[in-house]
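A short write-up of the structure that comes next.
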Amino acid sequence: MDAEGFKEGIPCPNCGSKQTITFYFAEGFTELECESCYFRSDWKDAARLQQDLGDLLTSDASINMPGNIKPLKA
């Protein structure tokens, strides 16, 4: 996805600063980022993605790894 960012002075919902950048995506959605407090309007989605990736690594103990793996020779 590609976006264009504009400094439009929209107040940050977190700290109220007008040092924000609004990103407009060709797909039809926008995101707001604050240069003062580093707020991102998509933080919930990013956190959910990281959590999902972590779950993949730590869950499902029912997967059995093969026991007869031969070491690779260079």
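Report, ordered by the first and then the second residue, all pairs with beta carbons closer than 6 Å, sequence separation of six or more or different chains, a first member in the stretch 34-45 that is without any contact (Cβ under 8 Å) to a residue 60 or more places away in the chain and of a type in the set (A, V, I, L, M, F, W, C), and a second member that is surrounded by 13 or more Cβ atoms within 10 Å (Cβ to Cβ) and part of a loop (DSSP other than H, G, I, E, B). From residues that are without any contact (Cβ under 8 Å) to a residue 60 or more places away in the chain and of a type in the set (A, V, I, L, M, F, W, C), the pairs are 34/12; 34/17; 37/14; 37/15; 39/12; 39/14. In the stretch 42-63, of all residues being small (Gly, Ala, Ser) and modelled with pLDDT under 65, the one that is surrounded by the fewest Cβ atoms within 10 Å (Cβ to Cβ) corresponds to 61.
Filtering the stretch 1-41 to residues that are touching a Gly at 6+ places or on another chain (Cβ under 6 Å), surrounded by 15 or more Cβ atoms within 10 Å (Cβ to Cβ) and not β-branched (Val, Ile, Thr) leaves only 23. For the stretch 24-38, the candidate set comprises residues that are of a type in the set (A, V, I, L, M, F, W, C) and at pLDDT below 90; within that set, the residue that is farthest from the chain's Cα centre (by Cα) is 26.
Among the residues of the stretch 5-26, those identified as under 15 Å from residue 42 (Cα atoms) and in a loop (DSSP other than H, G, I, E, B) are 12, 13, 14.
The values are calculated or read from the model by the stated rules, or taken from the named source; none is laboratory data. The model shown is predicted, which means the values in this text are computed figures rather than measured ones. Don't worry about glycine lacking a Cβ; one is built from the backbone with ideal geometry, like all the others, and counts go over all protein chains shown.
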